[in-house]
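Q: Provided herewith is a single structure, encoded as structure tokens, for subsequent inquiry.
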Amino acid sequence: MRRQFLHPVFYALIYGLLLLLVWYFAYYRTSGGASENLLHYDARHYDDIAHKGYFGVNIAFFPLFPMLWRILHVSVEGVCVMNLLMFMSGFVLLARAFQFSVQTILLCLSLPLNVFFYVPYSEAVFFLSGTLILAGLQQKNTALWVSGFFMATLARPAFTVLLPAFALALMLSERNWKPVLTKLAYAVAATAAGMAAVGWVQYADTGEWFRFFSIQSEWDNRLRFPTLPLRSWGGDFSTRMDALAFFASLVCGLVLLPMLMARFRLAKASV
């Protein structure tokens with residue numbers, strides 16, 4: 001048990017130290033440590049929310065990450081270190097809960113897209129939230145995974161995906177309906193509490209409840225069936241990536257459909 005705990009901690013610490021060294025030589029030595037170089041795209045909106053509150057289009061962003069930034073009162077570089085620590089903490093928790101091998105640990109830490117976990121984005125806190133959900137379910141710790149749902153809702157508007165995915169996972173994994181309905185009720189309650197907290201934070205700054213939804217509608221981001229030709233505000237590359245994800249989800253749906261039908265037949269037979 002001690003060895004299983006030390007493995008992810010050791011590799012996460014080495015990873016963090018190496019990253020800080022790379023950051024120093026690639027960032028400070030080349031740009032002189034200009035904070036503006038880290039404030040691009042969504043990072044600029046999070047910086048505004050942290051230091052000026054909600055206004056204009058930044059209402060489209062959820063409050064957990066900028067509120068942590070505001071509470072800790074750290075610089076841009078400091079919030080990057082905060083994100084790195086949150087990512088490392090979440091990764092250690094995940095590796096311990098699922099008993100990752102050394103090879104799995106090294107593979108996960110070497111993924112190129114990890115770069116988004118240590119820039120001024122909300123990915124790190126959302127990763128930590130998701131880790132709490134997965135580790136809590138694996139360890140049968142209700143308080144842990146319910147807290148993860150609450151934090152995830154505060155971090156990003158991903159509840160529209162998390163709740164259906166969670167319900168689907170429960171229906172495929174549980175043998176009877178009682179634990180499915182109980183866990184789903186906890187998840188819905190945590191998500192509702194998170195949305196209420198988001199609405200309250202934004203109302204305190206803007207005087208409007210849930211302005212987030214109208215901002216998204218103004219950006220033409222809303223739940224709807226896809227239309228042809230497929231398109232994306234991010235240009236041709238984003239459209240190709242979105243199309244790939246869309247068709248991959250269709251394949252997954254076709255695979256899961258017979259599994260769900262078998263699950264319902266089994267439940268009906270056991271009644």
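None of the figures in this text is laboratory data; all of them are computed from the coordinates on show. Just so we're clear, the structure is a prediction, and the values are computed from it rather than from any experiment.
Q: For the range 87-96, in order, what is each residue's ³J(HN,Hα) by Karplus, 6.51 cos²θ - 1.76 cosθ + 1.60 with θ = phi - 60°, in whole Hz (x at glycine and Pro)?
A: For the range 87-96, the Karplus curve yields 4, 4, 5, x, 5, 4, 4, 5, 5, 5 Hz.
Q: Can you give the relative contact order of the range 73-203 as a percent, counting alpha carbon pairs under 8 Å and 6+ residues apart?
A: Across the range 73-203, relative contact order equals 22 percent.
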